[in-house]
Amino acid sequence: MRYDTIDQQLFIDTRKELAKNLKPNSMVIIHSNDIYPTNADGEIPHHQYADLLYFTGADQEESVFIFYPDAKAESQREILFVRETNEHIAIWEGEKLTKEKATEVSGIKRIEWAHDFDKILKGMIHQADHLYLSSNEHCRAQNPVETRNDRFIKQCKKDYPLMNYERLSPITDRLRSIKHPIEIELIQKACDITEKGFRRVLEFVKPGVGEWEIEAEFIHEFTRNKSKGFAYTPIVGGGHNACVLHYIANNCEVKDGDVILMDVGAEYANWNSDMTRSIPVNGKFTDRQKDVYNAVLRTMRYADSILRPGVYPADYQKDVRAFMEKELIGLGLIDAEEAKKQDESKPLVSKYFMHGTSHHLGLAVHDVSDTKEPFAVGQVLTIEPGIYIREENLGIRLENNVVIGEESNTDLMANIPIEADEIEALMAANK
Ligand code: GLY
Ligand code: MN
Ligand code: MN
């Protein structure tokens, strides 16, 4: 099997937490994602709706979950609907979840075929006082395409207009931000696969290779280590391209004397990693490149020291930027006197460090959380400061993934080389 079986305890535990957070006598309904079309009969490989995966482990299209923990009848407390398999599907698409397999994956005893969903729902929906439905409410989500959950919300409101409807996402966003130990193992596995890709790339890079070839080295290592692929579209940019924050074309050759910024992470079993490393094309940083590199690394370490439980994200970002401002003054990029009288609404630091330092990571790369709340133990975040100097064709970002602990954070990428000297030594060893 490509992925080791995930212990069903993960999904049993997430459902227990969900039950604790619902109003009394509530029902929750979550649908899978659709398979999205491309052209003619082409389609994008299925990518499961994260909330459904989080509570059931069902990684298959056309699945639905009804959760009604206060139901009088035990058989109505948890029902997972999956697409009925048959010989035709087995021949053309291969193995799908059988009822037995669906129970094994999810720990849910009652499995029904998806085509019976409407009938079964009709038989039980009116017993519930509240109906929680799921939608993607991420603050930067763009929703030009109606999802299966969106369609269901519309239909359900039409069929059952007098139900008390509730939003599920404020609950799931909070629950999903605190990672279960099994989730942390899965993210660690994704980080370890990313490490393998990075070490391979350190051996491969030299002047004249294509950014796309570096991308190919990563995907080769990811796939052979059982990842389904990139957690997000990879960024591999040399020289000036490293200053383009969302550069994904990866279509230039890297040049002697430049630094390449690589923001590349593997997924594993739908959990994600998110790494950035910046390495010298010829294996050796110039003094200037190393100064900028070490300023970014110090900022990353400082950020790690203040990314603590109870700290509000906005205060954290402000403190990291204040630290970065000092580094930019040290590099001669910001004038200390001008900094004293700068317009707060146009901070000087933004010219060279224009993005956030951290985001949650898990089933989504920019994972959900309760954005009003401070950081908490058990959350997994990236730490990713960067300095982008367009006039020097130099962009450096470093990014690791950490778990917030009581006393200190655990770096899930602690084994991935990051010191400038270590990067140089590894690259020299491969010449
Ligand atoms: N790779 C996306 C990010 O770093 O946020
Ligand atoms: Mn990244
Ligand atoms: Mn990131």
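Results, tabulated for the structure shown:
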| item | result |
| --- | --- |
| Residue match in the stretch 364-375 (condition: within 16 Å of ligand 3 (Cβ to nearest atom), part of a loop (DSSP other than H, G, I, E, B) and out of contact with any helix residue (DSSP H, G or I) (no Cβ under 8 Å at 6 or more places or on another chain)) | yes |
| Qualifying position, being closer than 15 Å to residue 149 by Cα, surrounded by 10 or more Cβ atoms within 10 Å (Cβ to Cβ) and touching a residue at least 60 places away in the same chain (Cβ under 8 Å), among 33, 21, 25 | 33 |
| Residue 274 crowded, with 22+ Cβ neighbours inside 10 Å and either within 16 Å of ligand 2 (Cβ to nearest atom) or among the acidic types (Asp, Glu) (or both) | yes |
| Filtered residues of the stretch 117-135 (kept if under 14 Å from residue 153 (Cβ atoms) and part of a strand (DSSP E or B)) | 131, 132, 133 |
| Tabulated pairs, the stretch 99-115, first on the phi > 0 side of the Ramachandran plot, second modelled with pLDDT of 95 or more and outside any strand (DSSP E or B), C-beta under 7 angstrom, 6+ apart or interchain | 107/8; 107/11; 107/12 |
| Members of the stretch 250-289 found to be within 16 Å of ligand 3 (Cβ to nearest atom) and not hydroxyl-bearing (Ser, Thr, Tyr), listed by number | 261, 262, 263, 264, 265, 266, 267, 271, 272, 274, 275, 277 |
| From the options 248, 260, 214, 279, residue that is among the β-branched types (Val, Ile, Thr), over 30 Å from residue 55 (Cα atoms), modelled with pLDDT of 95 or more and in a loop (DSSP other than H, G, I, E, B) | 248 |
| Unique match (being under 30 Å from residue 242 (Cα atoms) and either β-branched (Val, Ile, Thr) or in contact with a Lys or Arg (Cβ under 9 Å, 6 or more places away or on another chain) (or both)) among 201, 145 | 201 |
| Meets criteria (under 14 Å from residue 177 (Cα atoms), out of contact with any Pro (no Cβ under 7 Å at 6 or more places or on another chain) and either of a type in the set (D, E, K, R) or surrounded by fewer than 17 Cβ atoms within 10 Å (Cβ to Cβ) (or both)) for residue 351 | no |
| Count of residues meeting criterion [free of Cβ contacts under 8 Å to residues at least 40 places away in the same chain and open to solvent by less than 10 Å² (accessible area, probe 1.4 Å)] in the stretch 66-82 | 3 |
| Filtered residues of the stretch 354-382 (kept if farther than 15 Å from residue 54 by Cβ, surrounded by 21 or more Cβ atoms within 10 Å (Cβ to Cβ) and out of contact with any Pro (no Cβ under 9 Å at 6 or more places or on another chain)) | 381, 382 |
| 2 or more residues within 23 Å of residue 124 (Cβ to Cβ): qualifying helices (runs of 4 or more DSSP H) within the stretch 1-95 | 9-20, 50-56 |
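The values are calculated or read from the model by the stated rules, or taken from the named source; none is laboratory data. All values reported here derive from a predicted model rather than from experimental measurement. Because the Cβ atoms are built from the backbone with ideal geometry, glycine has one as well, and the counts that use them run over all protein chains shown. Side chains included, ligands, DNA and RNA excluded: accessible areas come from the protein's heavy atoms. Shrake-Rupley method; radii C 1.70, N 1.55, O 1.52, S 1.80 Å.
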